[in-house]
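To keep things clear, I will list the structure first and then write my remarks on it.
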Amino acid sequence: MRQRTRGFTLIEIAVVMIIIGIIAVGAVLTGRSVLARARVASLLANVKDLATASREFKTRYGYYPGDLPSAGTYITLDVGTGCTDGTAVANMGNGIVDTSKESNCALEHLVKAGMLSKLDYDSANNKYTINSPIAPGVQVSLWVNSATNENVVRITNLPCDVALEMDSRFDSGTTTTPPTPFSQGWVIAQDATNTQIQNCIPSGAVSGGVSGPVNDPVPTLLIKY
């Protein structure tokens, strides 16, 4: 007598499909988490590489990149960027990178001095850029903290959660006194008017029952080096 083979019931198939779905969702979330961590690590590397290169440039030429007067005398620079002759750039040689032109020239100085590589080039505006895959519009550059006259690394349009993580990486309080976000000396966050902020608040968020300023993404994050 031939024995009949028992098939799967609809309930059993449904259970298997649910388990497969849960595993798939978990894999996707894990993959996104790994990708997010990799992007933050890449951004941290950008900051550290730029800070290190800037210090090395200062040691070699006596000025910070972007602030070197008549830089074309020492470095072969691109024609048309306006970074060759320092006399045409306001404030050049004053010891800080405090104008947009100096900030743009800083990256070119570092590239042409062989201290940075693999930067993007914006041909429409004749300038080098450091773009981050964290989010659209996130760029890394050299700038100045006008409150202290210190040269800093500037990150623009950084998502709130990443800005807070960057702050925690560079600033830390004691175990008994956790640091207030952006209140320590190494990392400063600013809103669109360059006013220092303590927290970044997403659009539509309410803090303490009162709507706060929209600071997500954080317009400017300054990191001292």
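The values are calculated or read from the model by the stated rules, or taken from the named source; none is laboratory data. These figures come from a predicted structure and were not determined experimentally. Quick reminder, even Gly has a Cβ in these numbers, built from the backbone with ideal geometry, and neighbours come from all protein chains shown. With ligands, DNA and RNA removed, areas are computed over all heavy atoms of the protein, side chains included. Shrake-Rupley method; radii C 1.70, N 1.55, O 1.52, S 1.80 Å.
The table that follows gives values for the structure above.
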{"read-out": "Burial ranking of peptide ranges 52-59, 39-46 (average Cβ count within 10 Å, highest at the top)", "value": "52-59, 39-46"}
{"read-out": "Residue-wise HN-Hα coupling along the range 190-201, computed from phi with Karplus coefficients 6.51, -1.76, 1.60 (Hz; x: Gly, Pro)", "value": "10, 8, 5, 9, 6, 8, 5, 10, 9, 9, 9, 10"}
{"read-out": "Accessible solvent surface per residue of the range 61-138, calculated while the other protein chains remain in place, 1.4 angstrom probe, Å²", "value": "47"}
{"read-out": "HN-Hα J in Hz across the range 125-130 - Karplus 6.51, -1.76, 1.60, θ = phi - 60°, x for Gly and Pro", "value": "10, 6, 8, 8, 9, 10"}
{"read-out": "Table column - 3J(HN,Hα) (Hz), the range 164-171, Karplus curve with 6.51, -1.76, 1.60, x for Gly and Pro", "value": "5, 5, 4, 4, 5, 6, 9, 10"}
{"read-out": "Residue 55 paired with residue 39, simple spin-label distance in nm, labels 7 Å along Cα-to-beta-carbon", "value": "2.9"}
{"read-out": "Distant-in-sequence amide H partners of residue 138 (H built 1.01 Å from N, under 5 Å)", "value": "132"}
{"read-out": "Placed amide H near residue 127: partners under 5 Å, 5+ positions off or other chain", "value": "122"}
{"read-out": "Amide H within-cut-off set for residue 158, under 5 Å, with H built and near neighbours excluded", "value": "218"}
{"read-out": "Prolate/oblate/rounded call for the range 78-163, Cα gyration tensor, a/c under 1.5 rounded", "value": "oblate"}
